[in-house]
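*Asks:* Quick one: structure below, then a few questions.
A short reminder: the numbers here are calculations on the coordinates, not readings from a lab. Predicted model, so just to flag it, every value in this text is computed and none were measured. Neighbour counts run over all protein chains shown; Cβ positions are idealised from the backbone, glycine included.
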Amino acid sequence: MSDSYDLIVIGAGPGGYVAAIRAAQLGMKTACIDKRASLGGTCLNIGCIPSKALLESSHHFIEARNGFAKHGVMTGKVGLDLEAMMARKTKVVEQLTQGVAFLLKKNKIDAIMGEARITGAGEVTLDGKRKLTAKNVLIATGSDVMSLPGVEIDEKRIVSSTGALELTKVPKTMVVIGAGYIGLEMGSVWARLGTQVTVVEFLDRILPGMDGELAKMTQRMLTKQGLKFKLGAKVTGAKAGKSGVTLSVEAVKDGKSEKMSADIVLLAIGRRPYSDGLGLEDIGVKRDDRGFIEVDATFQTNVPSLYAIGDAIPGPMLAHKAEEEGIAAVEIMQGQSGHVNYATVPGVVYTWPEVATVGLTEEQLKEDGVDYNIGKFPFSANSRARASGDTDGFVKILAEAKTDRVLGVHAIGPDAGTLIHEAVMAMEFGGSAEDMARAFHAHPTLNEAVKEAALAVAGRAIHM
Ligand code: FAD
Ligand code: NAI
């Protein structure tokens, strides 16, 4: 193995390994380094994939327990084999991470295990020993759990998402700190399996940044499923003892404090860009005040030929955002016109029902003074949702009043995370609500709710 490359990618998460594959496709001699033994980064090892495996399994459990009978399917008493559920999750992760190793090999990319440090222009040192050189270096080191003073993660009683994916028994009670993506997804998993989950959120709403109406409906749905919410409250400390954790919680409004207790506490207040040990200070790479690496429109840092993408740079911390940036960065390095359209990054919370969003929220449109029309359609009026018995939720389309151009789509409902891509495509092509409404939608499908919401923008929904 020669130690000189066209591109060295540091980090084999969805940003890094996808960038490496694109680079190889474009003829670059590429190495992809990760300090983790298994490839795929946070997403495949301790993020997107294991969490979705547990969400799926716990959904089957709750359906078998509460949902089958209404379809006339009688199962008798439904039991839980948590060990088998966890083993399945581990197998899914193994298969996918091995799949990434196969893809790198197939594309003749050197997958190297070790901790990388940038030690000079185009120079990367592995584990303090081996030196590699490259024309370009791409930082794709992702992110890590954000800590909270007074709440020390031990991954046993006070856990991050990583520990919450590995619990060996169903806790009786859990306090989740933070009502964002992780809090709601992992809170859902454990609530479905029998834990009494209370979510403590600093703000007076859940899912900050998402459309307010969507967030309200999500809270209502999850409350119906047994999750409790304590909004406008901040955790000021948590102490783990032998039998559980005692938390100090303070109301944001008046500072009134109270004690809470739980078997397990999950800290999910966001993630921070990860660049520890990379040697960025030594070579003068600029970072913003939150630690994100600053890049220009070509994903280049202030150091020539040093690029950065994914969770390590500003923007939504999502796997598909990292992937698109990785592809664009590499194409730009090769003189092509790689591009990321940040106006159409979809966000999906994989609760049940799923919550999905793309584009501007109603609150943002109001704040920007944009004149808009709304089309909304409930799944209760969609025939496929009725047939399957999943009628909770709605699709909401926001279109510019003057041009009818779709500016944002927000949905909560069965398979909303799949449906939202119809809106992503429409928005990518600058489509109007009329375009979405006039396009064929097979009957009976959940997508017809999208079509009806698009029709509703002009006040002409058929099935309402
Ligand atoms: P990462 O995936 O974090 O990969 C970075 C890699 O770099 C890591 O493997 C790390 O070991 C390596 N690395 C770091 N420093 C060095 C070094 N010095 N030398 C060598 N290697 C190094 N996003 C979604 O879009 N959908 C989801 O459903 C979803 N679910 C999630 C669930 C959870 C519980 C969590 C925690 C996150 C989830 N995310 C999800 C977010 C998603 O995981 C991240 O946005 C995504 O992984 C970012 O990709 P990345 O390539 O930038 O970095
Ligand atoms: P988040 O940013 O989604 O949510 C954090 C929540 O914690 C916010 O509601 C915030 O107001 C609240 N908070 C902050 N400080 C607090 C405090 N002291 N006390 C109480 N509440 C507090 O972060 P989360 O859930 O940790 O996830 C990290 C990131 O990982 C997400 O932003 C998302 O980008 C990604 N992710 C994506 C998933 C998906 O795409 N389905 C799933 C899981 C994670």
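*Asks:* Count neighbours as other Cβ atoms within 10 Å of each site's Cβ, and list the GluC sites (Glu not before Pro) in the stretch 51-130 that are DSSP loop with at most 16 such neighbours.
*Replies:* Sparse-neighbourhood loop GluC sites (Glu not before Pro): Glu115.
*Asks:* Place +1 on the Cβ of every Lys and Arg and -1 on the Cβ of every Asp and Glu in the stretch 158-269, take the dipole about the Cα centre, and give the residue among Leu247, Ser188, Val200 whose Cα lies farthest towards its positive end.
*Replies:* Value computed over the given set: Leu247.
*Asks:* Run the Debye formula on the Cα coordinates of the stretch 344-457, all scatterers equal and no solvent, and tell me log10 I(q)/I(0) at q = 0.09, 0.11 1/Å.
*Replies:* -0.20, -0.30
*Asks:* Determine one quarter of the surface area of the Cα convex hull of the stretch 95-193, which equals its mean projected area, and express it in nm² to one decimal.
*Replies:* 10.0 nm²
*Asks:* In percent, what relative contact order does the chain have, based on Cα pairs under 8 Å that are 6 or more apart in sequence?
*Replies:* Contact order relative to length: 14 percent.
*Asks:* While we're looking at this one, here's another question. More than 20 angstrom separation, counting every C-alpha pair in the stretch 275-412; what % is that?
*Replies:* Value for the stretch 275-412 (Cα pairs over 20 Å): 62 percent.
*Asks:* May I ask you to list the chymotrypsin sites (Phe, Trp or Tyr not before Pro) in the stretch 192-290 that are in a DSSP loop and have at most 16 other Cβ atoms within 10 Å of their Cβ?
*Replies:* In loop regions of the stretch 192-290 (DSSP not H, G, I, E or B), the sparsely surrounded chymotrypsin sites (Phe, Trp or Tyr not before Pro) are Phe202.
*Asks:* Just to be sure I understand the model, the point goes 7 Å from the Cα along the line to the Cβ. What's the resulting Ala64 to Lys172 distance in nm?
*Replies:* Here the modelled spin labels are 2.6 nm apart.
*Asks:* Another question about this same structure. Going by Cβ distance under 4.7 Å, what cysteines of the chain have no possible disulfide partner?
*Replies:* Within the chain, the cysteines lacking a partner Cβ under 4.7 Å are Cys32.
*Asks:* Still on this structure: Could you work out the Kirkwood radius for the stretch 160-201, taking every pair of different alpha carbons, averaging 1/r and inverting it, reported in Å?
*Replies:* 10.1 Å
*Asks:* To continue, here is another question. Using the Cα atoms of the stretch 410-456, I'd like the radius of gyration and the largest Cα-Cα distance, Dmax, both in angstrom.
*Replies:* 9.9, 27
*Asks:* For the stretch 2-117, state the semi-axes of the equivalent ellipsoid (square roots of 5 times the eigenvalues of the alpha-carbon gyration tensor), sorted largest first and rounded to whole angstrom.
*Replies:* Those come to 40, 13, 10 Å.
*Asks:* Now for a different question. Fewest Cβ neighbours within 10 Å first, please rank Trp352, Trp190 accordingly.
*Replies:* Neighbour counts put them in this order, fewest first: Trp352, Trp190.
*Asks:* About the Cα centre of the chain, what is the dipole size in debye to 20, counting +1 per Lys and Arg Cβ and -1 per Asp and Glu Cβ, all else neutral?
*Replies:* I would put it at about 1420 debye.
*Asks:* Roughly how many Å is it from the Cα centre of the stretch 255-312 to that of the stretch 395-429, as a whole number?
*Replies:* 30 Å
*Asks:* Could you tell me the ratio Rg/Rh of the chain? Both radii from Cα atoms, Rh via Kirkwood.
*Replies:* My calculation of the ratio gives 0.98.
*Asks:* Follow-up. Restricting to Cα pairs below 8 Å that are 6+ residues apart, what does the relative contact order work out to for the stretch 344-457? Please round to a whole percent.
*Replies:* For the stretch 344-457, the relative contact order is 31 percent.
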